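A short worksheet on the structure shown next.
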Amino acid sequence: MLSLSDKSRACTQDLIDFCSYVSSQGGRNNSNIRNRMKKLIVISIDTELTDRQKDCLTMRVYQKMSVEDIAAELGIRPTTVYKHINKAITALKKCVKYL
């Protein structure tokens, strides 16, 4: 069974991989396509994720909070935070597939 720190590293790596994938689309010289993809991802976050998934993802990615801090802030267990983040990443990957 993975420890919380192992899960945190795995979850963070998934986020990094996903963000790298999005950034790499459209080639390095085509910022218009990358910007469009980023806008579509923001729309996907708003439309495809639950409120709890949005909260967890935003706190983790944009506010750089630890999973333990997110759990304390939201009054849920750290493992639940991981589940919300992983489901959010999975949903966003599906959206990106169709772009």
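What follows is calculated from the coordinates using simple rules that are stated; it is not laboratory data. Predicted model only: the values in this text are computed from it and were never measured. Using ideal geometry, Cβ is built from the backbone for each residue, glycine included, and neighbour counts are taken over all protein chains shown.
If you take the alpha carbon atoms of the stretch 50-95 and fit the smallest convex hull around them, that volume is 60 Å³ per residue. Measuring r between the beta carbons of Lys54 and Ile33 and using R0 = 35 Å, the FRET efficiency lands at 0.90. The simple spin-label model puts a point 7 Å past each Cα toward its Cβ; for Thr47 and Lys87 those points are separated by 2.1 nm.
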